[in-house]
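Below is one structure, written out as structure tokens; comments come after it.
The values are calculated or read from the model by the stated rules, or taken from the named source; none is laboratory data. Treat the numbers as computed from the prediction; the structure is a model and nothing was measured. When we count neighbours, we look across all protein chains shown, and the Cβ atoms used for this are built from the backbone with ideal geometry, even at glycine. Only protein heavy atoms, including side chains, enter the accessible area calculation; ligands, DNA and RNA are left aside. Shrake-Rupley method; radii C 1.70, N 1.55, O 1.52, S 1.80 Å.
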Amino acid sequence: MKEEIVLKPDEALEYVKLNVKEEDVLELSYNRVYAPGDVLNIQVEEEFGEENVIVSLHLNGELVSDVVRVNLNDIKDDLLEIGHISGEKETIIVIED
């Protein structure tokens, strides 16, 4: 099942925080970067009174297959699209300004 939704950057971060679980696949497209990977961990940390959503991904690339931590708050204004695959369900989140 494939679904496409359109969200603002802050709404997309809230979606990730509430819906993405460990072992799901998350495909981040931001600026000129495409980073698909298996979700290892999602952390919500508070820094200077602001909540940060940090995702640890094991990248699924042919050239790069490393583990990275991405602070989604740092890239939220550059996000173009987020793909979320959980079991049989695939959700494409298109980011609107």
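Structure notes:
- With contacts taken as Cα pairs under 8 Å and at least 6 residues apart, region 2-95 reaches a relative contact order of 35 percent.
- On a per residue basis, the chain carries 64 Å² of accessible surface, using protein heavy atoms and a 1.4 Å probe.
- For region 2-95, lysine pairs separated by 8 or more sequence positions, or belonging to different chains, with Cα-Cα distances below 14 Å total 4.
- Computed helical MRE - 222 nm, the chain, DSSP H runs ≥ 4 contributing -39500 (n - 2.57), nearest 500: -4000 deg cm²/dmol
- Within the accessible area of region 2-95, the carbon and sulfur atoms contribute 45%, probe 1.4 Å, all protein chains present.
- Inter-probe distance in nm under a simple model that places probes 7 Å from Cα toward Cβ, at L7 and V67: 2.5
- Calculated over the chain: convex hull of Cα atoms, volume per residue (Å³): 96
- Of L18, I93, F48, farthest towards positive along the dipole that unit charges on Lys, Arg, Asp, Glu beta carbons give region 2-95: I93
- Under 5 Å between amide hydrogens, built in the peptide plane, is the criterion, and for N60 it picks out G37, D38 among residues at least 5 positions away or on other chains.
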